[in-house]
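J.: The structure follows.
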Amino acid sequence: MIVVLKKNPDEKQLNNLMAWLKSLNISIHESAGDIHTILGLVGDTTMVDIDLLRALDIVVDVKRVQEPYKNANRKFHEEDTVVPVGNTQIGGGVFSVIAGPCSIESEEQISLVATAVKAAGATMLRGGAFKPRTSPYAFQGLRGHGLELLLIAKKLTGLPVVTEIMDLSQLHLFDDVDVIQVGARNMQNFELLKELGHTNKPILLKRGLANTLQELLMSAEYIMAGGNNQVILCERGIRTFETAARNTLDLAAIPLLKRMTHLPIIVDPSHATGISALVKPMSLAATAAGADGLMIEVHNDPKRALCDGAQSLTPTAFQDVMNGVRAILPYAYQMSKEEKQ
Ligand code: PEP
Ligand code: MN
């Protein structure tokens, strides 16, 4: 971090600043120029509050040369993180496909979809029990009962399950859930993230509707700072000026995040587009761009789905996506190997 000071800074304020930085175990290299004095801060500057520094009277400018996320940073952890989940894993060369309905609606529905996606090659089952809906009058999910039904489908198929938590008060219901999802709307619910950092569950962290990649990584950092390093990132489209699709899928986020972080990256083409016909092309594109997996909404009867039917695939359409993904996966892995070299 570089701190530019005013000419002839007040000595008392400068001493206070130096003492504060030294108390954070940071070494300071001072160079006095004709116009400004520059402080080069060396050490772990993640604890330095950059806004506080900027607000000081004697400070003209502050520049970070190191990213503010440390645990998630590829620079300090070159190897890809692999997250073990039940009998499978996310990352490390295994392509994960998480499939299932937007919401769990009944035992029959979740069991049917679970069996179908397993047969097509999905590695994990998704299904929402606590649903973050834009309208308070829309179906809110079966909540605790939905989780029970999801666990029945887990037993039936042996697939590990992924489901969303919306509030800390629900955490005690997640003991048998394999991966806890934090949805886009909760990406910056820092109290929730902190508490999930104290669990030993893998966390699927979805990118917020209007959040930068750095903000996504800072949210991952909240979980990791609590000791839980099992974080999986999920690109699910962001809000832009374009309204033709539900969101804009940021495909460049995949290779960008691969450089910024060692955490695995899953792409959700269903929420990213909102249109079932776009799910296949975007699944293939995400696979080619180096994603570690996909999360796809599948429903046995999309027209009658209680949530997100327009973007849900039938089991047959899902099978077709899986065939396409399998066909290009060897090329995708080859490309990502070349990118690393
Ligand atoms: C979901 O995956 O069920 C969901 C609500 O997605 P998002 O948080 O990305 O909108
Ligand atoms: Mn959905």
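The values are calculated or read from the model by the stated rules, or taken from the named source; none is laboratory data. In this text the structure is predicted, and so the values were computed from the model without any measurement. Backbone-built Cβ (ideal geometry, glycine too); neighbour counts: all protein chains shown. Accessible surface areas use protein heavy atoms only, side chains included; no ligands, DNA or RNA. Shrake-Rupley method; radii C 1.70, N 1.55, O 1.52, S 1.80 Å.
J.: Mind listing just one residue for me: the one in segment 233-280 that is polar (S, T, N, Q) and either modelled with pLDDT under 95 or within 16 Å of ligand 2 (Cβ to nearest atom) (or both) and, of those, most open to solvent (accessible area, probe 1.4 Å)?
T.: Going through the qualifying residues, I end up with 276.
J.: Against the condition charged (D, E, K, R), modelled with pLDDT of 95 or more and closer than 18 Å to residue 311 by Cα, how does residue 131 come out, does it pass?
T.: In short, yes.
J.: Filter segment 290-340 for residues that are of a type in the set (D, E, K, R), surrounded by fewer than 19 Cβ atoms within 10 Å (Cβ to Cβ) and not in a helix (DSSP H, G or I) and give the result.
T.: 301 - this is the single residue of segment 290-340 that is of a type in the set (D, E, K, R), surrounded by fewer than 19 Cβ atoms within 10 Å (Cβ to Cβ) and not in a helix (DSSP H, G or I).
J.: Please find, among 118, 75, 70, 131, the residue that is away from ligand 1 (no atom under 16 Å from the Cβ) and closer than 29 Å to residue 146 by Cα.
T.: 118
J.: Additional query: In this structure, is residue 320 on the phi > 0 side of the Ramachandran plot and either among the hydroxyl-bearing types (Ser, Thr, Tyr) or in the same structural domain as residue 119 (by TED's automatic domain parsing) (or both)?
T.: no
J.: Residue by residue through segment 16-27, note down the ones that are in a helix (DSSP H, G or I) and surrounded by 11 or more Cβ atoms within 10 Å (Cβ to Cβ).
T.: Matches in segment 16-27: 16, 17, 18, 20, 21, 22.
J.: Search segment 28-58 for residues being among the hydrophobic types (A, V, I, L, M, F, W, C) and within 24 Å of residue 71 (Cβ to Cβ), and hand back the single one that is most open to solvent (accessible area, probe 1.4 Å).
T.: 47
J.: May I ask you to list pairs of residues, at least six apart or on different chains, whose Cβ atoms are under 7 Å apart, with the first in segment 31-45 being under 19 Å from residue 10 (Cα atoms) and assigned to a strand (DSSP E or B) and the second being open to solvent by 50 Å² or more (accessible area, probe 1.4 Å) and of a type in the set (A, V, I, L, M)?
T.: Close Cβ pairs satisfying both conditions: 31/38; 38/2; 40/2.
J.: Restricting the search to segment 213-250, which residues are within 25 Å of residue 308 (Cα to Cα) and out of contact with any strand residue (DSSP E or B) (no Cβ under 8 Å at 6 or more places or on another chain)?
T.: Across segment 213-250, the qualifying residues are 241, 243, 244, 245, 246.
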